[in-house]
Amino acid sequence: MHNPKLTKIVATIGPVSESKEIMAKLIDAGVNLFRFNTKHSTPEWHSQHIRQAQSIADEKGVTLGILLDLQGPEIRLETRNKADYPVKQDQIISLGLSYVDGVDVIIPHAQVFKLIKKGHDLLIDDGFVETEVLEVSGSKIVVKVKNDSVIKHRKGVNLPGIEVDFPSLIDAVMVARGDLGIEVPIEQLAYWQKILISKCRVANKPVITATQMLESMISNPRPTRAESTDVAHAVLDGTDAIMLSGESASGKYPVRTVETMAKIAKWNEKLRGVETHSYAREDATTIVAEAAVSIVRSHIKPKLDAVVVFTETGFTALAISRYRLTIPIIAVTDNKSTAECLTLSFGVTPVVAKFPTGAYTSSESVLKELKDRKIIASGDNLVLVHGHHWQKPGNTNSLSIITI
């Protein structure tokens, strides 16, 4: 049984990592999902490189997740001719819907002008440009700049404390500290990171911790001590995944950055204390999942090497994953889409295999395939979790301990 990294790594693909060679090296270095940010490049570019990534994964015989970051509801400004707009402390500038009446920068969102009021803070580019609203009139906002900086085209705008009614679609939760650090006081950021990760585990939702994790490695071959500590704390907090943005998309050392992140994650993820929290509900699946976790955490001899879960939808694997075990969860499914979704979940090694049909009588054929593919090996001690019927979701009700 191999000793895999349990925390998942998401790497953003960009100009420095779009080649087949670098993508392959990133997977070897520990990447579990590639993120494609649709705010940049064309749909054709994204389609081409997603197909390329999937082809590389197929060649390597691994399951790779694809995270497509859609340009959803957000506020972004526009500068004249897309040029940088330098500003000085105490400078007065005007923001509007169009370049009329002395407007310096455009915010193409009419809703903003209805919500913001005199005295509010208006922050640009994750707060690197701070301004205070002096006046609001129709489709024009006059602000005073609080610090010397540069306003860049298409940078984000945050309105701390103001609820903007935008629709959202969420399958997983991202703790994006750039935005979060704008919406809550900076001294509270670490606290809310822990709270969000904890709540995601209760809700059985995968959670990604992101933003500036190894930011200095965009230009340096080694991270700062603070950055390495930041990655370690996210792992110790119990996040499913940690994410790289500019580090892997446009940095000088994309592969080395992933290798560094993987080392930090693997060393720290097994140091978390044993938890006593119960996530089981009244259904058989979560009760069986918790029973499997209890067996793994017991002092059973010989020591267990992995949990093997036969799953159609991935729910059982997710239900076990949130306990953050120190051994891998091998989630076997005959559904490729399920396997790809599970690439985001802590500790889960998703495997696509052919399932028998009918009532569950034996797992011999599936276990043989896992052994032939070197996913398990002779002598491995496993907890096996399954239902009473193959290819039928929602019927997990059994577990057993076996030796291969």
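I'd like the FRET efficiency for Glu18 and Glu369, computed as 1/(1 + (r/R0)^6) with the beta carbon distance as r and R0 of 41 Å, rounded to 0.05.
Rounded to the nearest 0.05, the efficiency is 0.75.
Name the residue, out of Glu163, Glu78, Glu290, whose mean-square fluctuation peaks in a Gaussian network model built on the chain with Cα pairs under 10 Å.
Glu163
Of Glu275, Glu340, how do they rank once you tally other Cβ atoms within 10 Å and put the fewest first?
Glu275, Glu340
Once the Cβ-Cβ distance between Ile50 and Lys144 is put in as r, and R0 is 60 Å, what FRET efficiency do you end up with, to the nearest 0.05? Before the final figure, lay out the partial values.
Numbers: r = 44 Å, r/R0 = 0.74.
The computed FRET efficiency comes out at 0.85.
Could you point to the label whose value was computed as volume of the Cα convex hull per residue in Å³ for the structure here, given [x] 248; [y] 156; [z] 187?
Recomputing volume of the Cα convex hull per residue in Å³ here picks out [y].
Identify the trypsin sites (Lys or Arg not before Pro) of segment 30-83 meeting these criteria: DSSP loop state and at most 14 other C-beta atoms within 10 Å of the C-beta. Intermediate results must be reported in sequence, preceding the final value.
Values: sites: Arg35, Lys39, Arg51, Lys60, Arg76, Arg80, Lys82; in loops: Lys39.
Here the sparse-neighbourhood loop sites are Lys39.
Quick check: the angle from helix 189-202's long axis to the longest principal axis of the chain, C-alpha only, nearest 10 degrees?
40 degrees
Treat every Asp and Glu Cβ in segment 171-323 as -1 and every Lys and Arg Cβ as +1, leave all other atoms uncharged, and give the resulting dipole magnitude about the Cα centre to the nearest 20 debye. Don't jump to the answer; show the numbers that get you there.
Numbers: 18 positive and 18 negative charges, 120 e Å.
So the magnitude is around 580 debye.
Let me know the charge dipole size of the chain about its Cα centre in debye, to the nearest 20, where only the beta-carbon of Lys, Arg (+1) and Asp, Glu (-1) is charged.
Details: 47 positive and 46 negative charges, 170 e Å.
Here the size comes out at about 820 debye.
Starting with the fewest neighbours, write out Cys341, Cys200 ranked by other beta-carbon atoms found within 10 Å of each beta-carbon.
Lowest count first: Cys200, Cys341.
Stretched out fully, how many nm does the piece from Lys39 to Glu59 gain, at 0.36 nm a residue minus the Cα gap?
4.3 nm
Going down the table (Lys39/Lys155; Lys194/Lys336; Lys303/Lys354; Lys5/Lys270; Lys39/Lys140), which pairs top 20 Å between alpha carbons?
The pairs that break the limit, which is 20 Å between Cα atoms, are Lys194/Lys336; Lys303/Lys354; Lys39/Lys140.
Calculate for the chain the 222 nm mean residue ellipticity that helices alone would give, adding -39,500 (n - 2.57) per DSSP H run of length 4 or more and normalising by residue count, nearest 500 deg cm²/dmol.
-9000 deg cm²/dmol
Which one, Asn204, Pro221, Ile186, projects farthest toward the positive side of the charge dipole computed for segment 152-224 from Cβ point charges (K/R +1, D/E -1)?
So the residue furthest toward the plus end is Pro221.
Which of Leu70, Phe34, Ala83 sits farthest toward the positive end of the charge dipole of segment 1-114, with +1 on the Cβ of Lys and Arg and -1 on the Cβ of Asp and Glu?
Sorting the options by dipole projection puts first Phe34.
Separation between the Asp90 and Ala190 pseudo-spin-labels, each 7 Å from Cα along Cα→Cβ, expressed in nm?
Spacing of the two 7 Å Cα→Cβ label points: 3.6 nm.
I need the calculated FRET efficiency for the pair Ala284 and Ile404, taking r as the beta carbon distance and R₀ as 25 Å, to the nearest 0.05.
Working from the Cβ atoms, E equals 0.45.
Could you tell me which of Val112, Gly102, Ser298 has its Cα farthest along the dipole of the chain towards the positive end, charges placed at Cβ (Lys, Arg +1; Asp, Glu -1), taken about the Cα centre?
Ser298
Read-outs: derived from the displayed coordinates by stated rules, not from any lab. None of the values given here were measured: they were computed from a predicted structure. So basically every Cβ, Gly included, is an ideal-geometry build from the backbone, and we count neighbours across all protein chains shown.
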